[in-house]
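Just below is one structure, and these are the notes that go with it.
All of the numbers you see were taken from the coordinates with simple rules; none came from a lab. Values in this document were obtained by computation on a predicted structure and should not be read as measured data. Here the Cβ positions follow ideal geometry from the backbone for every residue, glycine too, while neighbour counts run over all protein chains shown.
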Amino acid sequence: MYLSRLIFEPRHRETWNWLADCRTLHRAIMSGFGQADSEQARAEFGLLFRVEIPRGQPPHVLVQSSIPPAWAFETHAVAEIDPPIDLDGGLAAIEQGARYRLRLRANPTRRVHARALQGPDLRELTTRGEWKAADEIAQSERTGIVRRLAAEGQAWHGKRVALRREEERVAWLKRQGERCGFTLLETRVEPVGRDLLDARADIGGALHDRAPLDRRLTFETCVFEGALQVTDADLVREAIATGIGPGKAFGCGLFSIAKL
């Protein structure tokens, strides 16, 4: 597994066009990974990413993947590309009981259930914000997001509703920890900033694209920082590799830890 970093030129107009549109950024990052063998390109390449806009430093995007990327951007907005770092040694060193710092940009949600009155809707969301049958979508436009799947023997389905209160978001992360092999020791939720449609936005808040309003994607996000204790090292490794929570195709879910 590899971690790469794209460093952007903050004075270049296209930088903020990319960072303000989660769909455009998704397409740009996917361009470094070639043709997928399956219909789930993002999952096949183990692709997760997170936009970081630190104070006093250029904006950058951290990209985690199962293979090294090979980008060839035809823009001066990308000022520098750090060589990928191999994460396998660090993953192998994760120990049960060890304590780590954590950082995660997530899309905390809960599912509101309703009786499933219709059959499965297998249309997939394209990078253009359109729902199409899988065989109608070019590989470069796949997101892997399916509209609705009816699980066998399951009579309920629902839609995701964003959690906006801080206590709800912290409780959500605690539940994720139980599932992903860690106990949350402490955490803070970074204040929600302006959304990324504002070129000088903070990194909290909503992720958008620039599609028309009736097809616009919006993800309510927040950034968690804190500390955790590992209760199951294998589950923590899996959470790092696959991400936490929904919205992974558009900049959520990259779970980063560092030894305390």
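Please state the charge dipole magnitude for the stretch 2-86, taken about the Cα centre, from unit charges on C-beta atoms (+1 on K and R, -1 on D and E), reported in debye and rounded to the nearest 20.
340 debye
I need the Kirkwood Rh of the stretch 2-86: take the reciprocal of the average 1/r across all distinct C-alpha pairs and report it in angstrom.
13.2 Å
Trypsin sites (Lys or Arg not before Pro) within the stretch 7-78: which are DSSP loop residues with at most 12 other Cβ atoms inside 10 Å?
11, 55
May I ask for the net charge around residue 76, where only other residues with Cβ less than 13 Å from the Cβ of residue 76 are counted and Lys, Arg are +1 while Asp, Glu are -1?
-2
Could you pull out the chymotrypsin sites (Phe, Trp or Tyr not before Pro) across the stretch 38-85 that fall in loop regions by DSSP (anything but H, G, I, E, B) with no more than 16 other Cβ atoms inside 10 Å?
Taking the stretch 38-85 and a limit of 16 other Cβ atoms within 10 Å, the loop chymotrypsin sites (Phe, Trp or Tyr not before Pro) found are 71, 73.
Counting other C-beta atoms within 10 Å, which of 76, 12 has the fewest, and how do the rest follow?
Ranking 76, 12 by Cβ neighbours within 10 Å, fewest first, gives 76, 12.
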